[in-house]
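As structure tokens, the structure follows; a few thoughts come after it.
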Amino acid sequence: MAVKVGSKTLIQLESIKKSYQQPNGQEITILENISLELKAGEIVALLGPSGSGKSTLMRIVAGLIAPTQGKVLYHNRPLVGLNPGVAIVFQSFALYPWLTVLENVELGLKAKGVIAEERRYKALQMIDVIGLDGFENAYPKELSGGMRQRVGFARALAVEPELLCMDEPFSALDVLTAENLRFELLDLWLEKRIPTKSVLIVTHGIEEAVILADRIIVLGRNPGRIRADLSVNLPHYRDRKSPSFQALVDQVYKIITNPELENVEAAAAPNQQTQTRKYPSLPAVRIGSIAGLLELLEDRQGDLYRLGQELQLEVDEILPIVEAAQLMKLVYLREGDISLTEVGQQFVVSGIDERKAIIRDQLLSNLFLIQQITNLLQAKRNQRIPEELILDVLEAHFSPEEAERQLKTAIDWGRYAEIYTYDEPAGEIFLETNLKS
Ligand code: ADP
Ligand code: MG
């Protein structure tokens, strides 16, 4: 899909795909068919659950990694190597502990070959703008988290990047510090006190995106792809409690929770050709969390977003639990509204043994990986299999770390349901003798 180029276009991505080769030769796709255009004058939020490829996409824009397929154009020319117009702010601050604030801020300028005198001048100027004056000679360890991230901002902005990229820059800060810094950054941007033409912020916080962005690009998972590209037309400074703000948050919430449905439907359709479909990703959550969610839903139907707010859970925290419950067909999700299925209702009113039996049925009838492990176990005379066998299968579909995580989750769930159990020293899975097949 070709993107139409406007005069203010800074960066264009055309049909980007990013995949990685696994040690066993299999390819896993992280991002697929991403086309987008970043223009001067806008703050763009890249929003999605963890693992949806946000950081990877930002790194591609910054030229830190190259796409496997597709084009990256910077000012309409193919990008080769690092993007000279980009500076990055990282979640982890990424400061050098042995350098002072001033030296850290000067680093980016130094890398650009700016001479010493000018370097100092520009760094001091940005330190002033970012509210760090008086701390020029301090070391990072003497600073609070918020002040450290100010250094991160000053370092990125000192090079006067056309595009400021930020990867979850407020996530490591406490709530108040984050909110304060967010608004200070917005002030600088709105008052045009920073020499930056546009901002790309990676986030998993819906409200953060709606507070800051002129445009929200929603990414979905497995593989990462664009689910929506929304313009935000609310004037700054936005009021979190206003109906228009809430309506937009709701809309985004619905989009984010929708793609996971596809996964669940795919999981129920065993004939799907694609590999990612055959092994729907098991969210790494405990059965206890799922039980907690179901119990909460017993006497309330409704809005997943409100539920998240009530529980003070971020979308990233509640979504995996909801996904797991969906995979087991214990809840039903539609356009952001969640309710218990009949089986889910049964679960809530049952005692512990009955609950185990329900989970056992749901796992064995809906989850391919668990069915497969069970079949392999039943086929073996000693009813034991080495975990490596399952890992080898999983590594054809997931990264090695993700394969480990998938296996661990499958073992946890199967153990809870007393389908099989795990011999840790031997690294073997074996069948519970009481399983009726
Ligand atoms: P996000 O920032 O949205 O959480 P990432 O871009 O960090 O997502 O990662 C997306 C997916 O790509 C994850 O499943 C991650 O494990 C995988 N991934 C990232 N980098 C690599 C790599 N170098 N090799 C293999 N897989 C990777
Ligand atoms: Mg990330």
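The values are calculated or read from the model by the stated rules, or taken from the named source; none is laboratory data. This structure is a prediction, so every number in the text was calculated from the model and none was measured. Reconstructed Cβ throughout: ideal geometry from the backbone, glycine too, with neighbour counts over all protein chains shown. Heavy atoms of the whole protein, side chains included, go into the accessibility calculation; ligands, DNA and RNA do not. Shrake-Rupley method; radii C 1.70, N 1.55, O 1.52, S 1.80 Å.
Here are some notes:
- Each residue, Q346 and R193, gets one label point 7 Å from its Cα in the Cβ direction; the gap between the two is 6.3 nm.
- HN-Hα J in Hz across region 217-226 - Karplus 6.51, -1.76, 1.60, θ = phi - 60°, x for Gly and Pro: 9, 9, 9, x, 9, 6, x, x, 8, 7
- Gyration tensor (alpha-carbon) shape descriptor, region 63-211, a/c threshold 1.5: oblate
- Across the chain, the longest piece that holds none of the chymotrypsin sites (Phe, Trp or Tyr not before Pro) lying in DSSP loops with up to 11 other C-beta atoms within 10 Å covers 238-437.
- Degrees, to the nearest 10: 145-158 long Cα axis against longest axis of the chain: 60 degrees
- For the chain, a Gaussian network of Cα nodes joined below 10 Å ranks E207, E388, E42 by mean-square fluctuation, and the top entry is E388.
- Cut-off under 5 Å, modelled amide H: who pairs with L200 long-range: V44, L164, C165, M166
- Residue order for V159, V89, V349 - accessible surface, 1.4 angstrom probe, largest first: V349, V159, V89
- Couplings 3J(HN,Hα) for region 389-397, derived from phi with the Karplus relation 6.51 cos²θ - 1.76 cosθ + 1.60 (θ = phi - 60°), are 4, 5, 4, 4, 5, 5, 5, 6, 10 Hz, where x marks Gly and Pro.
- Surrounding net charge for S289, when Lys and Arg each add one and Asp and Glu each subtract one, Cβ distance under 13 Å: -3
- Candidate lysines for bridging to K197, where Cα separation is under 16 Å - those fewer than 8 sequence places away on the same chain excluded: K8, K39
- 3J(HN,Hα) along region 92-109, derived from phi through the Karplus expression 6.51 cos²θ - 1.76 cosθ + 1.60 where θ = phi - 60°, amounts to 8, 6, 6, 9, 8, x, 8, 10, 6, 3, 4, 5, 4, 5, 6, 3, x, 5 Hz, with x in place of Gly and Pro.
- Built amide H within the under 5 Å cut-off of Y420, gap 5+: R415, E432
- Using a probe of 1.4 angstrom and keeping all protein chains present, the accessible surface of the chain works out to 47 square angstrom per residue.
- Cα-based shape type of region 9-261, given that a ≥ b ≥ c are square roots of the gyration tensor eigenvalues and the cut on a/c is 1.5: oblate
- When L340, L13 are compared by accessible surface with a 1.4 Å probe, the order from highest to lowest is L340, L13.
- Heavy-atom accessible surface of E424, to the nearest 10 Å², is about 130 Å², with a 1.4 Å probe and all protein chains retained.
- Three-way shape label, region 279-351, alpha-carbon gyration tensor, a/c 1.5: rounded
- Region 216-260: trypsin sites (Lys or Arg not before Pro) falling in loop per DSSP and having at most 14 other Cβ within 10 Å: R240, K241
- For L10, the residues whose modelled amide H falls within less than 5 Å of its own, excluding neighbours fewer than 5 places apart on the same chain, are L38, K39, A40.
- Ranked order, S198, S92 - accessible area, probe 1.4 Å, largest first: S92, S198
- Scaled to the globular estimate 2.2 N^0.38 Å, the Cα spread of the chain, given as radius of gyration, is 1.10.
- S399 sits with roughly 30 Å² accessible to a 1.4 Å probe, with DNA, RNA and ligands left out of the calculation.
- Rolling a 1.4 Å probe over the protein heavy atoms of the chain, with every protein chain left in place, gives an accessible area that is 50 percent carbon and sulfur.
- Qualifying trypsin sites (Lys or Arg not before Pro) for region 12-120 [loop in DSSP, other Cβ within 10 Å: at most 16]: K112
- Relative contact order %, region 9-261, counting alpha carbon pairs below 8 Å whose residues are six or more apart: 25 percent
- Take every Cα pair under 8 Å whose residues are at least 6 apart in sequence, average their separation, divide by the length of the chain, and the relative contact order is 15 percent.
- Qualifying GluC sites (Glu not before Pro) in region 49-138, DSSP loop, other Cβ atoms within 10 Å at most 16: E136
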